[in-house]
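What follows is a short report on a single structure.
The values are calculated or read from the model by the stated rules, or taken from the named source; none is laboratory data. Bear in mind that the values here come from a model prediction, so they are computed numbers and not experimental data. Here Cβ is always computed from backbone atoms with ideal geometry, including for glycine, and neighbour counts include all displayed protein chains. Only protein heavy atoms, including side chains, enter the accessible area calculation; ligands, DNA and RNA are left aside. Shrake-Rupley method; radii C 1.70, N 1.55, O 1.52, S 1.80 Å.
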Amino acid sequence: MYKILALDLDGTLLNEKHKISDRNKETLTRLKKKGVKIILASGREPTSILPYSRELDLEELVIGFNGGIISDSTGEKIIYEENIDEKIAKDLVRTCEEKDIFNIIFVRNNLYVSDKNDMRFKKFKKYSTSKIEEVGSIYKFIEDNDLWNSIGKMLQCGENKPLSILQKEIEDKYSEELSAQFSLPYFLEVYNSKASKGNALDKIAENYNLSRKDVVAIGDGENDLSMIKYAQVGIAMENALDQVKMQSDFITLSNKEDGVSYAIDKYWRD
């Protein structure tokens, strides 16, 4: 029997209302009773993952920032983290400000934005339960508070076309240092290339004296590919990006149709 189930949140475990459905909750409760460790793995910061972890009564480690941070079940004890290089962070923040690309800065469980009245921020807000501070010029704020070495992730929010152009620029300039991947068509997430959900999942499996052969992973975005490829069984949601489906072992139903439960019923038959 597989002993670890790694689950992405948005577009995977959560439905279109950003909720865990009753069926998914019941199925995961049943799976937990079998002794399976359920690992929530998200691009979110730990404090925005923990409400769902508490709802499911989980006590396992939590993967945030697409693998850039691993915390305990309280979100307070940091087990592992990889931050963005200072010089690269300065360049990217400056670029976003010059091009009017809405940029959200993540420093552990603290989030910083330039303007909460911006419509692009309002699109993002429903994906976070953390306190978000409005700071005006992000570059000046980070400089004044000496935070350049503490940035775990940046998220650019807006129309897909300009973000795709930015993604290409980042890949051309910093392919070895940064990962720039879409979690949703309007969210580009940028983080240290050493960090990935797959690497974090490997560390967690090792922590539990298990291996990739014990792991099933389910996701829908580019940022889920590393854990889908790491797992013994990698599963894509029906609503996943095409490149994720192509590299998965199985395609389950969509997040609107309780695809997580459908996959669990397939791979953990009673």
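Can you tell me how many residues in region 212-240 are surrounded by fewer than 20 Cβ atoms within 10 Å (Cβ to Cβ), touching a Gly at 6+ places or on another chain (Cβ under 9 Å) and of a type in the set (A, V, I, L, M)?
0
What are the residue pairs meeting all of these: first residue in region 141-166, first residue free of Cβ contacts under 8 Å to residues at least 12 places away in the same chain and open to solvent by 60 Å² or more (accessible area, probe 1.4 Å), second residue outside any strand (DSSP E or B) and among the hydroxyl-bearing types (Ser, Thr, Tyr), Cβ atoms under 7 Å, and 6 or more apart or on different chains?
none
Taking the criterion of being within 27 Å of Lys17 (Cβ to Cβ), open to solvent by 10 Å² or more (accessible area, probe 1.4 Å) and outside any strand (DSSP E or B), would at least one residue in region 188-211 satisfy it?
no
Suppose we filter region 74-93 for residues that are in a strand (DSSP E or B) and either open to solvent by less than 10 Å² (accessible area, probe 1.4 Å) or farther than 20 Å from Asn209 by Cβ (or both); how many remain?
Qualifying residue count, region 74-93: 2.
Scan region 57-73 for residues that are among the hydrophobic types (A, V, I, L, M, F, W, C) and open to solvent by less than 10 Å² (accessible area, probe 1.4 Å) and jot them down.
The answer is Val62, Ile63, Phe65, Ile69, Ile70.
Of the residues that make up region 122-129, is at least one more than 15 Å from Asp91 (Cβ to Cβ), open to solvent by 60 Å² or more (accessible area, probe 1.4 Å), touching a Gly at 6+ places or on another chain (Cβ under 9 Å) and part of a helix (DSSP H, G or I)? Steps first, please.
Just the residues of region 122-129 that are more than 15 Å from Asp91 (Cβ to Cβ), to begin with: 122-129.
Right, trim to open to solvent by 60 Å² or more (accessible area, probe 1.4 Å) and you get 122-123, 125-126, 129.
After this cut, where a residue has to be touching a Gly at 6+ places or on another chain (Cβ under 9 Å) as well, the list is 123.
With the extra rule that they be part of a helix (DSSP H, G or I), the set shrinks to 123.
Yes; the residues of region 122-129 include at least one that is more than 15 Å from Asp91 (Cβ to Cβ), open to solvent by 60 Å² or more (accessible area, probe 1.4 Å), touching a Gly at 6+ places or on another chain (Cβ under 9 Å) and part of a helix (DSSP H, G or I).
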